[in-house]
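The block underneath contains the structure these notes are about, expressed in structure tokens.
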Amino acid sequence: MRIVIIGGGIIGAALADRLAGGTVGEGAAEVTLVDRDRPGAGASGASFAWLNANDPSDPAYHSLRVAALGAWRRLAGEFGDPGWFRVTGNTAWADTEPVKTLLSERVARLSALGYRAELITAGRLREIEPSLRPAAGAVTAHYSGEGWVHGPDAVAALAGRARDAGARVITGVPATRLNLRGERVTGVRLGTGDDLDADLTICAAGRHSAALLATAGVGLPLVDAEAPGSAAPGLTATTGPAPGLLNGVVHSPALDMRPTPEGGLVLEAADLDEATDLGTPPADLHARAAELLDRARALLPGLTARIERFRRCVRPLPADGRPLVGPHRPGLYTAVTHSGITLGPHLADLIAADLRDEEAALAPYRPDRPIRAEMPSAHAGPLFGYAGTEGRDGAARS
Ligand SMILES: Cc1cc2nc3c(=O)[nH]c(=O)nc-3n(C[C@H](O)[C@H](O)[C@H](O)COP(=O)(O)OP(=O)(O)OC[C@H]3O[C@@H](n4cnc5c(N)ncnc54)[C@H](O)[C@@H]3O)c2cc1C
């Protein structure tokens with residue numbers, strides 16, 4: 001079966017890796033991965049990339065994310081403990097009364113779901129993150145099963161393994177439209193003018209998926225990234241090496257941080273992220289990156305490293321915050337999601353199963369489901385959960 005995957009982000013790369021060298025239906029899967037830039041050039045390459053199932057509000061979705069954490073552990077094991085995947089734990093604290101209460105309730109709800117979540121003392125926090133200077137009197141939670149993936153490296157590893165297993169990887173060429181014969185999608189037209197024929201075309205083009213699907217008259221309910229104030233664009237900054245300063249993921253009221261494989265820090269803050277849209281001038285992006293560094297230095301007094309790079313990047317953000325995964329019409333399948341770093345490899349496993357026989361775990365996430373019109377946030381409400389469903393009230397955090 002000839003399978004063309006459009007988009008080499010974490011979703012497309014994980015899918016190519018999962019399908020290449022295997023069989024789908026009766027025949028061997030002949031996989032082609034197409035990216036208009038290079039694998040990892042989209043959201044996956046600049047993501048905060050915290051692996052978590054930290055939102056208890058929807059137990060079924062929480063379970064999907066817990067399974068996704070397991071899928072990452074298995075996948076990383078196959079790559080032999082790669083530096084781009086770490087289960088470091090995540091430490092989060094709250095320093096105002098209403099948010100302290102919310103954090104305590106969240107820990108209780110997550111614990112009741114069997115998730116590793118606990119409130120910890122200031123002494124325990126000093127053991128976990130000795131270089132941190134948190135606010136006095138904070139309530140602190142620790143989630144020992146969470147961690148991070150470094151998106152660019154993970155995507156490169158997955159696309160590389162797919163190539164080794166026989167996938168063809170085409171870079172620097174866009175798919176400009178889906179080709180149709182009647183109702184059936186028969187492949188894509190490339191920017192070169194060539195047609196790439198396929199028995200199955202999988203759209204994993206992230207935020208650009210809606211535009212590509214529209215060429216075949218298919219709608220996809222994504223938040224409009226171009227709209228002023230859109231929740232889809234975000235901002236991350238990466239520092240130079242700051243060895244030994246941070247052990248795991250940290251969510252504080254002012255700043256989120258995680259280490260990189262090179263010993264630097266990725267920085268993100270919900271208020272600065274939410275203030276960023278596609279109209280934000282470069283000078284403001286620069287100022288926000290500097291602000292992220294100031295906040296990091298306030299939390300980590302030993303931090304002398306500077307910002308090496310910052311990026312405004314755009315999330316594919318489904319209108320209800322949940323994955324959009326499934327067939328649309330003959331020959332066409334879509335795989336677009338928020339929280340794609342956490343979900344990528346597990347969705348790839350589920351999609352591989354779905355191509356053989358309808359996969360029940362994907363039933364709630366079909367792209368043609370009725371979608372409530374409420375606007376998701378990129379961040380999960382007032383507390384520390386990268387799920388995008390609880391609205392934008394309070395001191396939202398990713
Ligand atoms: C600031 C920020 C922080 C985030 N934090 C987290 C987090 O902590 N945890 C988490 O799990 N998730 C997080 N996310 C979300 C996560 O990064 C995304 O859900 C995920 O990266 C999406 O992956 P993707 O493969 O769908 O899209 P992308 O990574 O955007 O990849 C899409 C690819 O398609 C290519 N493409 C597009 N159009 C075409 C075309 N027509 N032809 C060919 N190629 C095309 C692009 O070049 C790109 O490489 C964050 C996102 C942002 C922006």
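For the chain, the longest principal axis of the alpha carbon atoms and the long axis of helix 151-164 meet at an angle near 30°. In this structure, the amide hydrogen of N54, modeled 1.01 Å from its nitrogen in the peptide plane, lies closer than 5 angstrom to those of Y386, counting only residues at least 5 positions away or on a different chain. Using the Cβ-Cβ distance between T176 and A60 with R0 set to 41 Å, the FRET efficiency works out to roughly 0.65. Over region 49-207, accessible surface divided per residue gives 43 Å², non-protein components excluded, 1.4 Å probe. Taking the charge dipole of region 127-179 about its Cα centre, with +1 at Lys and Arg Cβ atoms and -1 at Asp and Glu Cβ atoms, the residue from A135, T176, G145 reaching farthest to the positive side is T176.
Across region 88-95, rounded Karplus estimates of 3J(HN,Hα) from the backbone phi angles (6.51 cos²θ - 1.76 cosθ + 1.60, θ = phi - 60°) give 9, x, 10, 10, 9, 9, 10, 10 Hz, Gly and Pro being marked x. Residue-wise HN-Hα couplings along region 196-206, as the Karplus relation 6.51 cos²θ - 1.76 cosθ + 1.60 with θ = phi - 60° gives them from phi, are 10, 7, 8, 6, 9, 10, 10, 8, 10, 8, x Hz; Gly and Pro carry x. The 3J(HN,Hα) values that the Karplus relation (6.51, -1.76, 1.60; θ = phi - 60°) gives for region 259-276 are, in residue order, x, 10, x, 8, x, x, 10, 9, 10, 7, 9, 4, 5, 6, 4, 6, 7, 9 Hz. Gly and Pro appear as x. In the chain, helical runs assigned H by DSSP with n ≥ 4 each contribute -39500 (n - 2.57); averaged across all residues and rounded to the nearest 500, the mean residue ellipticity at 222 nm is -9000 deg cm²/dmol.
What region 313-373 shows is 34 Å² of accessible area per residue, with the surface traced by a 1.4 Å probe over protein heavy atoms.
When +1 charges are put on Lys and Arg Cβ atoms and -1 charges on Asp and Glu Cβ atoms, the dipole computed for the chain relative to its Cα centre reaches about 320 debye. Dividing the mean sequence gap of close Cα pairs (under 8 Å, 6+ apart) by how many residues region 1-85 holds gives a relative contact order of 25 percent.
Mean separation of Cα pairs under 8 Å and 6 or more residues apart, divided by the residue count, gives region 217-260 a relative contact order of 20 percent. Loop-resident GluC sites (Glu not before Pro) (DSSP state other than H, G, I, E or B) in region 1-88 with no more than 16 further Cβ atoms inside 10 Å of their Cβ: E26. Computed from Cα positions, the angle between helix 97-112 and the longest principal axis of the chain comes to roughly 50 degrees.
Within region 231-325, which trypsin sites (Lys or Arg not before Pro) sit in a loop by DSSP and count at most 16 neighbouring Cβ atoms inside 10 Å? Let's see the in-between values first.
Details: sites: R288, R295, R297, R306, R309, R311, R312; in loops: R306.
Here the sparse-neighbourhood loop sites are R306.
Send over a whole-number figure in Å² for the accessible area per residue of region 223-303, probe 1.4 Å. Spell out each step's value before the answer.
On the way: 2700 Å² over 81 residues.
Roughly 33 Å² per residue, with all protein chains present.
Under a 5 Å amide H cut-off, with hydrogens placed 1.01 Å from N, I120 pairs with T140, A141, H142 among residues at least 5 apart or on other chains.
Taking the alpha carbon gyration tensor of the chain, what are the square roots of 5 times its eigenvalues, largest first, to the nearest whole Å? Write down the numbers at each step before the final one.
On the way: eigenvalues 251, 89, 83 Å².
Ellipsoid half-lengths, sorted descending, are 35, 21, 20 Å.
What part of the accessible area of region 40-174, given as a whole %, is carbon or sulfur when the probe is 1.4 angstrom? Result for region 40-174: 52 percent of the exposed heavy-atom area is carbon or sulfur. In degrees, nearest 10, range 0 to 90: what is the angle between the Cα axis of helix 282-299 and the longest Cα principal axis of the chain? On a 0 to 90 degree scale, this one is about 50. The apolar share of the surface of region 248-371, taken as the fraction of accessible area on carbon and sulfur atoms (1.4 Å probe, ligands and nucleic acids excluded), comes to 53 percent. Among DSSP beta bridges whose residues both lie in the chain, state the antiparallel percentage, nearest 5. Within the chain, antiparallel bridges account for around 70 percent of the total.
Amide H contacts for T186 (H built 1.01 Å from N in the peptide plane; partners 5 or more residues away or on another chain; cut-off under 5 Å): N179, L180, R181.
The values are calculated or read from the model by the stated rules, or taken from the named source; none is laboratory data. These numbers were taken from a predicted model, which means no experiment stands behind them. Positions of Cβ are generated from backbone atoms using ideal geometry, with glycine treated the same way; all protein chains shown enter the neighbour counts. Calculation scope for accessible area: heavy atoms of the full protein, side chains included, ligands and nucleic acids excluded. Shrake-Rupley method; radii C 1.70, N 1.55, O 1.52, S 1.80 Å.
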